[in-house]
Amino acid sequence: AYANVQYLLGTRQGLESRLQMLGARDQFAPWFAFKLNEEDHAVYAFTNTLPRVFAVGTWIVETNADAVLAFMDTPSNNPHAVAVVNNAEITAANHEAFVAAVNITSYVPERIAATVQLSATGLVVLTTEPAPGWHATVDGVPQPIVRCNLLQQGIIVPAGAHEVVFTYATRDWMTSWNNGSLMLVPILALATLGIVLWQRRHGRPIG
């Protein structure tokens, strides 16, 4: 669930045996079946998939990756209700009887907007891994993004009704790349000059 798996594809017999082995057969339902090379294949749908944007009122703080994985692998931790934040600057929270209504109002490339109604301060999660180009606002005010559940990003949102917007600016990483490339120019120039001077000093041909 934390990895936000939605579908599994394979031979029907293979999927059945592996899901039984993992103890997850009751969380997958056959969605589509077909024959391939005279063998039964199927697509199984995960019935516990996390929404694209959702909110939780309980989260712990853990920066050790092994500890995070152990927490996520504990069956009693419901990913729809509790998250693990990988940022030591965030304070853990446990709001009992937390109620949240999340409604996605806009879903276009590089922009996802949602209205949220929270009974207490909550962590609004977007099931996409954070990257330098991602930015978030709450009611138009920029908010820091924190990594949560290892593969997702979230922002702290106060109780009440709010608009949350996640945007991705492609130009951010392009600008970083361009700035880095520009920094290489003087370095390469100095390196070239050094090679030329060394060759002249030792009577070596230039080029």
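The values are calculated or read from the model by the stated rules, or taken from the named source; none is laboratory data. Owing to the predicted nature of the structure, the values given are computational and were not obtained by experimental measurement. Because the Cβ atoms are built from the backbone with ideal geometry, glycine has one as well, and the counts that use them run over all protein chains shown. For accessibility, only protein heavy atoms count, side chains too; no ligands or nucleic acids. Shrake-Rupley method; radii C 1.70, N 1.55, O 1.52, S 1.80 Å.
For the range 66-74, 3J(HN,Hα) computed residue by residue from phi via the Karplus equation (6.51, -1.76, 1.60; θ = phi - 60°) reads 5, 5, 4, 4, 5, 5, 5, 8, 7 Hz, glycine and proline entered as x. On full extension, the segment bounded by ALA120 and THR63 gains 18.1 nm, given 0.36 nm per residue less the C-alpha separation.
The protection proxy used here, the mean number of other Cβ atoms lying within 10 Å of each residue, ranks peptides 6-16, 29-39, 99-109, 46-56 as follows, highest first: 46-56, 6-16, 99-109, 29-39. Extending 7 Å from the Cα toward the beta-carbon at both ARG52 and ASN87 defines two label points whose distance is 2.2 nm. Converting phi to 3J(HN,Hα) with the Karplus coefficients 6.51, -1.76 and 1.60 and the offset θ = phi - 60°, the range 17-28 yields 5, 6, 5, 5, 4, 7, x, 10, 4, 6, 9, 10 Hz in sequence order, with x at every glycine or proline. Averaged over residues, the count of other Cβ atoms within 10 Å places the peptides 74-84, 132-142, 151-161 in the sequence 151-161, 74-84, 132-142, highest first. Taking 7 Å steps out from each Cα toward its Cβ at GLU96 and GLU39 produces label points 5.3 nm apart.
A simple spin-label model places pseudo-atoms 7 Å from Cα toward Cβ; at THR137 and GLU163 they are separated by 0.8 nm. Accessible surface area normalised per residue over the range 1-157 is 56 Å², counting heavy atoms of protein chains with a 1.4 Å rolling probe.
Amide hydrogen proximity for ILE90: with H placed 1.01 Å from N in the peptide plane, no residue at 5 or more positions away or on another chain lies under 5 Å. Converting phi to 3J(HN,Hα) with the Karplus coefficients 6.51, -1.76 and 1.60 and the offset θ = phi - 60°, the range 75-84 yields x, 6, 8, 7, x, 6, 10, 9, 10, 10 Hz in sequence order, with x at every glycine or proline. Percent of C-alpha pairs per 5 Å bin in the range 54-136, short distances first: 3, 13, 21, 24, 20, 14, 6, 0. Working from Cα pairs under 8 Å separated by at least six residues, relative contact order for the range 1-148 is 21 percent. The Cβ shell under 11 Å around LEU15 holds other residues with a net charge of +1, Lys and Arg each +1, Asp and Glu each -1.
In this Cβ point-charge picture (+1 for Lys and Arg, -1 for Asp and Glu), the range 49-169 has a dipole of about 220 debye about its Cα centre.
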